[in-house]
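Colleague: Okay, handing you the structure first.
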Amino acid sequence: MPHQRPFYLTTPIFYISGTPHIGHAYTTIAADVLVRTARAHGPARGLTGTDEHGQKVANAAAAAGMTPQQYVDSLAPKWRTLAPAFDAHFDDFIRTTEPRHVRACLALFERMRISDDVYEGVYEGWYCTNDETFWPEAKLVDGRCPNPECRRAVQWLSEKNWFFRLSKYQQPLLDLFRTKPEFLRPQTRYNEMMAILEEGLEDFSISRSSFDWGIPLPGGGVLYVWYDALINYISALGWPEDADGLYARFWPGVHLIGKEIARFHTIIWPAMLMSAGLPIPSRVFAHGWITSDAGTKIGKSLGNAMDPFAMRGEFGADSLRYFLLREAPFGSDFSISIEKLRQRHNSDLGNDLGNLLRRSLAMLQKYRNGLVPEAGAGTVQERVADLPSLVNEHVMAFRFREALDEIWNVVTLLNRTIDEQKPWELYKHQREVELDAVLYDLCEGLRWLSLLLFPFMPAKATEMWRQLGLAGTPELQWNEELVWGRLAANTQTNPGDALFPRIEPPVLSS
RNA sequence: GGCUCGGUAGCUCAGCGGUAGAGCGGGGGACUCAUAAGCCCUAGGUCGUAGGUUCAAAUCCUACCCGAGUCACCA
């Protein structure tokens with residue numbers, strides 16, 4: 001069943017001083033597939049953006065000889081190009097330095113004060129200047145920084161800050177998790193957060209007074225960067241003014257995040273919203289890490305990040321999108337390599353799908369001058385009847401791989417239909433009615449595939465659509481378009497270049 | 001160290017009480033519309049180890065081994 005409610009999905013906002021790596025592309029692409037699928041059933045909205053405050057940014061700006069604002073302005077364009085580079089379309093891109101965001105943060109802070117959930121306290125602990133991190137006493141190694149690559153002396157710091165009475169929300173959060181386990185998926189992340197909740201929550205410092213690159217508070221100091229960052233999900237909708245009515249229409253939304261930030265999104269953020277008397281997110285999904293073949297995490301700090309732009313250059317955005325969502329269950333870690341990418345590209349995309357389109361249109365060209373025949377007594381219709389709802393259910397539950405498995409069953413079905421019906425023999429023996437029936441089934445089946453694959457591979461699905469002789473793009477409502485027989489007879493098809501040209505392994509020279 | 005999740009065919013994984021499954025790779029076959037693609041057949045793996053419960057266990061319980069994650073106010 002298509003969902004009725006407007007659908008709102010967010011990615012995390014990316015920390016601006018980093019460099020985009022394959023993990024950012026992964027989150028972005030998955031979010032885009034969700035939003036595009038939702039949009040095929042009704043109103044849907046996607047949000048991404050950048051997180052621009054914090055001491056690290058301030059330090060990096062100083063090192064670059066710029067003001068923090070100049071510095072983040074110089075970096076923001078790089079992040080804006082990330083989504084378009086992978087054919088991901090978001091309705092909005094928020095930067096936490098924008099006035100609309102600043103206003104929302106201060107408004108939320110004020111609401112929480114009114115709830116008596118914000119109080120002044122002293123924030124202190126052992127601080128490592130190099131890592132810019134406070135460490136609990138128990139973590140110190142010989143009284144020094146526990147980071148194995150640091151091990152410098154730590155110093156005792158204390159500053160007066162605002163605290164959020166997070167402890168007050170332990171029970172409400174436990175109730176939430178127990179009554180609505182689907183709030184956080186997958187299960188393994190849910191278990192971890194439950195363990196944290198059962199251990200108990202401590203109040204949480206939400207301002208800083210030792211530096212000033214953040215959202216300034218009326219009485220001095222700035223908001224802690226995470227407190228500020230989480231609010232982007234509603235500030236981008238126009239809360240609290242909501243002049244455009246977006247907040248009223250789209251909140252609460254769904255958050256897609258990486259597993260490392262589940263705590264912020266499923267404990268701190270809901271508690272903040274509860275405190276302010278606002279609805280909490282409807283769902284949070286924490287996906288896994290992409291690793292290299294050696295099994296090491298790919299991240300900025302390890303210096304082995306695969307450049308997503310280079311990978312796109314070699315395989316194309318659609319092929320990469322397909323690989324990332326087909327290769328592993330969404331939520332698990334998985335490894336990526338050029339060889340695996342090539343394997344998927346050649347086998348699934350080139351051999352199965354691309355070749356299916358080409359051989360189908362080639363026969364239509366040869367036997368019917370490229371004109372779609374009248375529909376006949378085909379066998380494919382009944383086999384695909386459940387496919388749209390099945391695919392939609394899988395995608396909306398973050399089961400991208402299962403959705404693609406279902407779609408590929410139909411790719412295989414159509415390939416098998418050709419081999420079983422042998423159109424070349426039907427043609428030779430002038431069995432015109434049967435030949436028409438098979439050719440129609442193939443074209444209509446391919447039209448369905450184009451529509452269903454559009455969220456995953458927008459450009460290639462559109463190219464399929466074009467070769468099938470259809471106008472516009474397959475970005476259409478499924479309940480109207482996924483009706484068997486909608487493809488009109490006498491449509492003039494346009495066979496074209498191979499959809500996914502084979503990519504040969506590099507020739508090794510000795 | 002506590003807790004959590006995994007350890008199933010060469011690879012990636014599904015199965016989660018009833019005498020072992022899929023995809024890919026590998027091997028064989030019949031065809032020709034097609035990107036030498038597609039289709040059909042084929043994999044005989046002590047389901048991490050050792051016990052236990054049961055008429056019956058990858059599937060439940062216990063212990064252990066191995067791997068990963070998490071227990072941080074760094075985004």
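Colleague: For A:ARG312, are the conditions met, namely being more than 30 Å from A:ASP175 (Cα to Cα), buried (at least 22 other Cβ atoms within 10 Å of the Cβ) and at pLDDT below 90?
Modeller: Judged against the criteria, A:ARG312 is not a match.
Colleague: So which residues in region A:184-213 are in a helix (DSSP H, G or I) and under 25 Å from A:PHE109 (Cβ atoms)?
Modeller: Once the filter is applied, which keeps residues that are in a helix (DSSP H, G or I) and under 25 Å from A:PHE109 (Cβ atoms), region A:184-213 yields A:MET193, A:ILE196, A:LEU197.
Colleague: Also: Can you find, within region A:373-384, the residue that is surrounded by the fewest Cβ atoms within 10 Å (Cβ to Cβ) among those that are within 16 Å of RNA strand B (Cβ to nearest atom) and of a type in the set (A, V, I, L, M)?
Modeller: Only one residue tops the list, namely A:VAL380.
Matching residues to (1) within 30 Å of A:ALA30 (Cα to Cα); (2) touching a strand residue (DSSP E or B) at 6+ places or on another chain (Cβ under 8 Å); (3) aromatic (Phe, Trp, Tyr); (4) exposed (fewer than 15 other Cβ atoms within 10 Å of the Cβ):
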| site | (1), (2), (3), (4) |
| --- | --- |
| A:ASP386 | yes, no, no, yes |
| A:ASN415 | yes, no, no, no |
| A:LYS428 | no, no, no, yes |
| A:GLU481 | yes, no, no, no |
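Colleague: If you don't mind, another one. Kindly indicate whether any position in region A:467-478 is part of a helix (DSSP H, G or I) and either over 30 Å from A:HIS41 (Cα atoms) or not basic (Lys, Arg) (or both).
Modeller: Yes: one or more hits.
Colleague: Quick one: would you say A:LEU75 is surrounded by 16 or more Cβ atoms within 10 Å (Cβ to Cβ) and out of contact with any strand residue (DSSP E or B) (no Cβ under 7 Å at 6 or more places or on another chain)?
Modeller: Answer is yes for this residue.
Colleague: Out of region A:362-371, which residues are aliphatic (A, V, I, L, M), more than 8 Å from RNA strand B (Cβ to nearest atom) and assigned to a helix (DSSP H, G or I)?
Modeller: A:LEU364
Colleague: Now for a separate question. Can you report the number of residues in region A:1-60 which are among the polar types (S, T, N, Q), more than 26 Å from A:LEU75 (Cα to Cα) and part of a loop (DSSP other than H, G, I, E, B)?
Modeller: Residues in region A:1-60 being among the polar types (S, T, N, Q), more than 26 Å from A:LEU75 (Cα to Cα) and part of a loop (DSSP other than H, G, I, E, B): 1 in total.
Colleague: Sticking with this structure for a sec: Anything in region A:110-130 that is surrounded by 19 or more Cβ atoms within 10 Å (Cβ to Cβ) and outside any strand (DSSP E or B)? List them, or say none.
Modeller: A:MET112, A:ASP117
Colleague: So, one more: Kindly list the number of the only condition in (1) more than 25 Å from A:TYR26 (Cα to Cα); (2) in contact (Cβ under 8 Å) with a residue 60 or more places away in the chain that fails for A:GLY245.
Modeller: Failed condition: (2).
Colleague: Another question about this same structure. Against the conditions (1) crowded, with 18+ Cβ neighbours inside 10 Å; (2) in contact with a helix residue (DSSP H, G or I) (Cβ under 6 Å, 6 or more places away or on another chain), where does A:SER207 fall short? Just the number, please.
Modeller: With respect to (1) crowded, with 18+ Cβ neighbours inside 10 Å; (2) in contact with a helix residue (DSSP H, G or I) (Cβ under 6 Å, 6 or more places away or on another chain), A:SER207 is out only on (2).
Colleague: Going through region A:169-187 one residue at a time, which ones are touching a residue at least 40 places away in the same chain (Cβ under 8 Å) and either polar (S, T, N, Q) or surrounded by fewer than 17 Cβ atoms within 10 Å (Cβ to Cβ) (or both)?
Modeller: Within region A:169-187, A:PRO172, A:GLU182 qualify.
Colleague: So, one more: Listed residues A:THR27, A:THR37, A:THR48; which is within 16 Å of RNA strand B (Cβ to nearest atom), buried (at least 23 other Cβ atoms within 10 Å of the Cβ) and not aromatic (Phe, Trp, Tyr)?
Modeller: A:THR48
Colleague: Check off (1) touching a helix residue (DSSP H, G or I) at 6+ places or on another chain (Cβ under 9 Å); (2) over 29 Å from A:PHE7 (Cβ atoms); (3) in a strand (DSSP E or B); (4) touching a residue at least 60 places away in the same chain (Cβ under 8 Å) for A:ASN161 and give me the number that stays unchecked.
Modeller: The failed condition is (1).
Colleague: Same structure, new question: Considering only residues that are charged (D, E, K, R) and buried (at least 23 other Cβ atoms within 10 Å of the Cβ), look in region A:316-357 and name the one that is nearest to RNA strand B (Cβ to nearest atom).
Modeller: Going through the qualifying residues, I end up with A:ASP318.
Colleague: Given the conditions (1) at pLDDT below 70; (2) surrounded by 15 or more Cβ atoms within 10 Å (Cβ to Cβ), and given that A:LEU140 satisfies all but one, which numbered condition is not satisfied?
Modeller: (2)
Colleague: Sticking with this structure for a sec: Please state which of the following conditions A:VAL438 fails to meet, knowing it meets all the rest: (1) touching a Gly at 6+ places or on another chain (Cβ under 8 Å); (2) surrounded by fewer than 20 Cβ atoms within 10 Å (Cβ to Cβ); (3) not acidic (Asp, Glu).
Modeller: (2)
Colleague: So the check is Cβ under 6 Å with 6+ separation or different chains; which pairs have a first residue in region A:392-409 that's among the aromatic types (Phe, Trp, Tyr) and a second one that's in a helix (DSSP H, G or I)?
Modeller: What qualifies is A:PHE400/A:LEU325.
Colleague: May I ask you to list the residues in region A:168-186 that are closer than 19 Å to A:HIS287 by Cβ and out of contact with any helix residue (DSSP H, G or I) (no Cβ under 8 Å at 6 or more places or on another chain)?
Modeller: If the condition is that a residue be closer than 19 Å to A:HIS287 by Cβ and out of contact with any helix residue (DSSP H, G or I) (no Cβ under 8 Å at 6 or more places or on another chain), then A:GLU182, A:ARG185, A:PRO186 are the ones that fit.
The values are calculated or read from the model by the stated rules, or taken from the named source; none is laboratory data. From a predicted model like this one, the values you see are computed outputs, not experimental measurements. FYI the Cβ positions are ideal-geometry reconstructions off the backbone, even for glycines, and counts take in every protein chain you see.
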